[in-house]
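Below you will find the structure I want to go over with you.
No value in this document is a laboratory result; all are computed from the given coordinates. Everything numeric in this text was worked out from a predicted model, so none of it was measured. Quick reminder, even Gly has a Cβ in these numbers, built from the backbone with ideal geometry, and neighbours come from all protein chains shown.
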Amino acid sequence: MYYIKDAKIRRFTELDGVRCAEVEVRPGAADDPELLVYITATNQQDGLEGYDMVRIIRNDADLALDWYDNNLHSAFEEVTDKAFTESTHITAGEEREKFKRELLSYGELSTEFAKEFGV
């Protein structure tokens, strides 16, 4: 499981024509990489508004060596489909949902999302 030490919205942007928030997530565990998580507003089956993670980028850049924050090199890798894995206690889908709930409840993120997306 990925533990969140800090998370903040870097910017609001469009991804494949959909408005989303780019959230920088710093890990709580020393060996975990930083993540860029793209969140968008969605209409759920029950008619209520919600949020979905549409893309996850792993950032293995070492800012001491790679001081220029540039996502055009190999330190940034899209891991949307493989970021969460099965374990004996939890499925990959459950782990994904747990991470999303923890991210949305971190600090003032949900308030900022609601303001931006009008949810």
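Can you give the extra length, in nm with one decimal, that the chain gains between Arg26 and Glu102 once fully stretched, where that is 0.36 nm per residue apart less the Cα-Cα distance?
On the way: separation 76, 0.36 × 76 = 27.36 nm, distance 1.30 nm.
Contour length minus the Cα-Cα distance gives 26.1 nm.
Right, something else. Work out the FRET efficiency for Lys115 and Asp52 from their Cβ-Cβ distance, taking R0 = 25 Å, and round it to the nearest 0.05. Could you put the intermediate results ahead of the total?
Values: r = 18 Å, r/R0 = 0.72.
With R0 = 25 Å, the Cβ-Cβ based efficiency is 0.90.
For Tyr51, which sequence-distant residues (separation of 5 or more, or a different chain) have an amide H within less than 5 Å of its own amide H, given hydrogens modelled in the peptide plane?
Result for Tyr51 returns Thr42.
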